[in-house]
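Data block below; observations after.
The values are calculated or read from the model by the stated rules, or taken from the named source; none is laboratory data. These numbers come from a predicted model, not from an experiment. Quick reminder, even Gly has a Cβ in these numbers, built from the backbone with ideal geometry, and neighbours come from all protein chains shown.
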Amino acid sequence: MINFKDISLEDKEIITSYIFPNDCCNCEFSFSNLVSWRFLYETKYAIVDDFLVLRYISNESDTFMMPIGRGNADNVVLKLIEEIHSQGKPFRMYAACHFVDNQLSDEMKEKFNLVPNRDSFDYVYRREDLASLKGNKYQQKRNHVNKFMKLYPNWEYKSATPELIKLCIEKEMEWYESNEDYKHQEIDNERQALLFAMNHTEEIGVKGGVLFVDGEIVAFTFGFPINHKTFGVHFEKADIRFTGAFTVINQMFAKDIPEEFEYVNREEDLGIEGLRKAKLSYNPEFLITKGVVTLKEEKN
């Protein structure tokens, strides 16, 4: 039996020691996401044959994340199948297609179905593209930035500090209380994850940025490195009354992210039409194709 452990802030070092050196840049592998969303998914982890394995438990089913480690993962996946079958449950693994292609043998791949889910594909951009907005393809974005700066000449961007984070928490509460459209379960779940990350920025190592107009917060964003070359942007909030605030906080934060990170993962669009259009408008370098892996022999 595999001994899965609840994820806590104290597990950051061991979990990131497997993820950071790896080239996998799925947003699910950000430690910030893992620890901040654990309340919803009962996220647990184990080390199996020197691979990190994550497990999500819900009312519907148990789902493993693709193992993260070095070399062939066949034996690890076989142990996960044995583990879940011993509990009388079907095998489900959430994975990127490149994991199936690169870390499983041809014989093992034949045992599985992988059904890509477009709504869950991650959008990955070159950090320099988002920071500079150079070229014709970003002309409209530059126009938004220029309009913002013209409309609000007394604007300022600052890297988040503990003091500013407290102000962002207060501002988020103000926005939430003033907008009835956002008061539903999905937003409440996101708020819980956001507030956990913001209240534990130092322990997690979260980096953030804050945009001001006339000394008032009009936008903020927070993220965390996923691996050695990809930074994940997990939360981005702005006052929609300020034209161009989203575009400006996006660019300013990309400039603020350390240059060692070549890519920025801005996560999935959840199938929301407007969000998909917005993410595509920034010209992603690539999308991470993700989906659920199941055994062909099982009915799912």
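Brief remarks on what is shown
- Any helices (runs of 4 or more DSSP H) falling wholly within the range 154-260 and containing at least 1 residues that are at pLDDT below 95 and either of a type in the set (D, E, K, R) or buried (at least 22 other Cβ atoms within 10 Å of the Cβ) (or both): 162-178, 185-199, 201-204
- Scanning the range 150-175 for residues that are without any contact (Cβ under 8 Å) to a residue 24 or more places away in the chain and not basic (Lys, Arg) turns up Pro153, Thr161, Glu163, Glu170, Met173, Glu174.
- Among the residues of the range 13-31, at least one is free of Cβ contacts under 8 Å to residues at least 24 places away in the same chain and more than 20 Å from Ala193 (Cβ to Cβ).
- Residue within the range 202-217 that is over 27 Å from Asp23 (Cα atoms), β-branched (Val, Ile, Thr) and in contact (Cβ under 8 Å) with a residue 60 or more places away in the chain present: yes
Residue by residue, here is whether (1) over 24 Å from His98 (Cα atoms); (2) charged (D, E, K, R) holds:
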site	(1), (2)
Glu28	no, yes
Leu34	no, no
Arg38	yes, yes
Asp49	no, yes
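- Restricting attention to the range 104-128, the residues that are in a helix (DSSP H, G or I) and either in contact with a Gly (Cβ under 8 Å, 6 or more places away or on another chain) or among the aliphatic types (A, V, I, L, M) (or both) add up to 4.
- Scope the range 33-62; condition more than 18 Å from Ser120 (Cα to Cα) and within 14 Å of the chain's Cα centre (by Cα); matching residues: Val35, Ser36, Arg38
- Of everything listed in (1) closer than 29 Å to Phe20 by Cβ; (2) surrounded by 13 or more Cβ atoms within 10 Å (Cβ to Cβ); (3) out of contact with any Leu (no Cβ under 6 Å at 6 or more places or on another chain), the single unmet condition for Leu270 is (2).
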